[in-house]
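The values are calculated or read from the model by the stated rules, or taken from the named source; none is laboratory data. Quick caveat: nothing in here was measured; it's all calculated off a predicted structure. So basically every Cβ, Gly included, is an ideal-geometry build from the backbone, and we count neighbours across all protein chains shown. When the accessible area is computed, the model is the full protein with side chains, heavy atoms only, and any ligands, DNA or RNA have been set aside. Shrake-Rupley method; radii C 1.70, N 1.55, O 1.52, S 1.80 Å.
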Amino acid sequence: MPRLTFRDIHPTTRRLLGARFARSVGQGLLIVDLALYLHALGWSGAAIGATLSGAGFFAAFGSIAIGIVSDRLRRKPFLVYNEGLTLICGLLLLFAHQPWVLIIAIILAGFGRGQTGSAGPFSPAEQSWLAEAVRPERRGRIYSLNAALGFFGMAIGAGIAMLPFVWRDALGPAGAYRPLFGIIVIGAGVNIWLLSGAAESARAASKRRRREQTRQERGSPVQRRENRMLIRLVQMNAANGLAIGLTSPLISYWFALKFGIGPEEIAPVMALAFASAGGASLFTGRLIDWLGIVRSVVVTRGIGVAMFAVLPLSPFFLLAALIYLVRVASSGGSLGARWAQVVSLVGDERRGLATSANAASFQIPQAIGPAIAGTLIGAGWFAIPFYAGAVLQSVYVVAYGRVFGRWEKEEAARSTES
């Protein structure tokens with residue numbers, strides 16, 4: 001496939017990519033510092049985990065409704081609304097410290113979950129809108145670029161997360177974190193500007209509604225095949241989501257308690273890990289041209305599973321940091337490929353449904369994870385979340401290879417016949 005240049009990218013796609021990058025900077029900051037901030041306020045591991053679980057459940061159930069509705073309406077307003085909500089919740093974190101206010105803001109905005117620039121419950125609208133302006137043969141590249149920008153932004157945010165160490169003596173253990181929430185507010189403001197200027201055809205929604213109505217009236221066999229694939233996707237995502245929920249949202253808290261360190265040591269490691277994941281995502285975009293989407297996902301996620309299993313065995317921080325870096329790079333590198341796979345399972349008139357099913361089936365079990373992991377980590381059980389995650393992700397990788405491997409062969413045969 002010819003090299004993808006900036007001029008080849010549709011202007012709307014550029015704005016969506018830019019919004020993901022801006023959004024991910026704040027998310028990278030919060031994946032490092034939010035749990036540490038709440039810990040500095042005196043919250044227990046169980047309380048921190050339960051709050052992050054609440055944010056996950058809100059995002060999961062919200063994405064179901066938004067994905068379906070966005071197939072029938074315009075997708076742009078949902079994303080602009082999401083940035084407005086993020087801006088308001090960022091202001092609450094910046095100026096308030098009462099527990100009930102923090103809980104509401106964290107749950108509504110999905111703070112601290114490490115979403116690589118995703119728009120939370122509005123992600124189905126984001127992914128579906130992005131697919132509209134991208135030709136099918138370029139989706140692997142564009143979605144890998146989209147994921148890479150999210151990881152690079154999170155790397156920058158994780159680097160900024162070291163700042164509380166600089167002014168901790170002046171502002172106090174908890175107060176040192178508070179100024180950073182202004183970055184969330186600024187990022188949301190930038191995204192409101194980016195997304196407001198992005199073009200979306202009002203006729204696209206009416207076309208989607210007409211195509212969906214026609215297919216339902218005909219009892220389309222294509223639609224029945226799509227439904228079977230979506231059901232299998234939901235089943236696989238349950239294992240993957242729970243595995244991620246047991247480990248990723250509380251990784252900085254895990255490092256802090258297991259090795260007795262602070263953000264000045266944790267933030268550089270996470271910044272480097274996210275930057276490596278961004279590079280791996282770009283590489284995976286090229287790898288797709290050689291191996292196809294399914295094999296690329298199986299190879300990269302397989303390496304991540306191995307890192308899951310050995311991480312808790314590390315006796316000292318530097319080795320654990322190296323293992324974590326490899327895990328994030330290998331697993332995160334396949335993120336764009338998996339998105340491209342999902343939006344290619346259905347036609348445009350059902351992409352909101354597909355992406356919401358993908359998001360919800362991942363996010364609901366993921367939301368359970370932090371409550372379990374926070375309790376275990378707070379009690380000193382550092383290894384169990386990772387061992388459980390390794391088993392669950394092994395199930396996911398094997399199932400993904402079998403189910404979508406067959407689907408990819410069938411699609412190739414169908415393209416040859418046509």
### Query
Of these, Arg327, Arg350, Arg402, which one is assigned to a helix (DSSP H, G or I) and either of a type outside the set (D, E, K, R) or free of Cβ contacts under 8 Å to residues at least 12 places away in the same chain (or both)?
Arg402
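Taking into account only those residues within segment 142-175 that are farther than 28 Å from Pro77 by Cβ and not hydrophobic (A, V, I, L, M, F, W, C), which is most open to solvent (accessible area, probe 1.4 Å)? Quick ask: steps written out before the conclusion?
Initial filter on segment 142-175 (farther than 28 Å from Pro77 by Cβ): 155-156, 158-175.
Those still in the list that are not hydrophobic (A, V, I, L, M, F, W, C) too: 159, 164, 168-169, 172-173, 175.
Working: Gly159: 23, Pro164: 3, Arg168: 84, Asp169: 154, Gly172: 19, Pro173: 90, Gly175: 17 Å².
The qualifying residue most open to solvent (accessible area, probe 1.4 Å) is Asp169.
Listed here are the residues, each with its yes/no results for (1) open to solvent by 10 Å² or more (accessible area, probe 1.4 Å); (2) under 16 Å from the mean Cα position of the chain (by Cα).
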site: Leu38; (1), (2): no, no
site: Gly49; (1), (2): no, no
site: Ser53; (1), (2): no, yes
site: Ile66; (1), (2): yes, no
site: Val69; (1), (2): yes, no
site: Pro77; (1), (2): yes, no
site: Ile88; (1), (2): yes, no
### Message
Test of understanding: among Leu345, Leu311, Leu353, which residue is of a type in the set (A, V, I, L, M, F, W, C) and closer than 17 Å to Leu272 by Cβ?
### Response
Leu311
### Query
Can you name every residue in segment 119-138 that is crowded, with 24+ Cβ neighbours inside 10 Å and among the charged types (D, E, K, R)?
Glu126
## Note on the structure
With the first residue restricted to segment 41-68 and required to be closer than 17 Å to Gly245 by Cβ, and the second required to be basic (Lys, Arg) and assigned to a helix (DSSP H, G or I), Cβ contacts under 9 Å at 6 or more apart or on different chains are none
### Message
Within segment 240-258, does at least one residue satisfy the condition of being touching a Phe, Trp or Tyr at 6+ places or on another chain (Cβ under 7 Å), charged (D, E, K, R) and modelled with pLDDT of 90 or more?
### Response
yes
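Have a look at Ser331, Ser344 and point out the one that is surrounded by fewer than 24 Cβ atoms within 10 Å (Cβ to Cβ) and under 28 Å from Asp289 (Cβ atoms). Even if it seems obvious, please write down each step before you answer.
Details: Ser331 fails: surrounded by fewer than 24 Cβ atoms within 10 Å (Cβ to Cβ).
Just one listed residue meets the conditions, Ser344.
Test Leu94 against the stated conditions and say whether it is hydrophobic (A, V, I, L, M, F, W, C), buried (at least 18 other Cβ atoms within 10 Å of the Cβ) and assigned to a helix (DSSP H, G or I). Before you say what the answer is, go through the steps one by one.
On the way: hydrophobic (A, V, I, L, M, F, W, C): yes; buried (at least 18 other Cβ atoms within 10 Å of the Cβ): no; assigned to a helix (DSSP H, G or I): yes.
Spelling it out, it is not the case that Leu94 is hydrophobic (A, V, I, L, M, F, W, C), buried (at least 18 other Cβ atoms within 10 Å of the Cβ) and assigned to a helix (DSSP H, G or I).
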### Query
Hey, any hits in segment 107-117 for a residue that's in a helix (DSSP H, G or I), of a type outside the set (Phe, Trp, Tyr) and open to solvent by less than 10 Å² (accessible area, probe 1.4 Å)?
no
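Please go through segment 69-91 and give me each residue that is part of a helix (DSSP H, G or I) and either hydrophobic (A, V, I, L, M, F, W, C) or without any contact (Cβ under 8 Å) to a residue 24 or more places away in the chain (or both), ordered by number.
Result: Val69, Pro77, Phe78, Leu79, Val80, Leu85, Leu87, Ile88, Cys89, Leu91.
Could you tell me which residue of segment 130-169 is farthest from the chain's Cα centre (by Cα), considering only residues that are β-branched (Val, Ile, Thr) and farther than 20 Å from Ala199 by Cβ?
Keep residues of segment 130-169 that are β-branched (Val, Ile, Thr), which gives 134, 142, 156, 160, 166.
Okay, now just the ones that are also farther than 20 Å from Ala199 by Cβ, so 156, 160, 166.
Details: Ile156: 16, Ile160: 20, Val166: 29 Å.
Only one residue tops the list, namely Val166.
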### From Phe61, Phe95, residue being over 14 Å from the mean Cα position of the chain (by Cα) and over 26 Å from Ile183 (Cβ atoms)
Phe61
### Summary
Across segment 362-389, the tally of residues that are assigned to a helix (DSSP H, G or I) and open to solvent by 10 Å² or more (accessible area, probe 1.4 Å) stands at 14
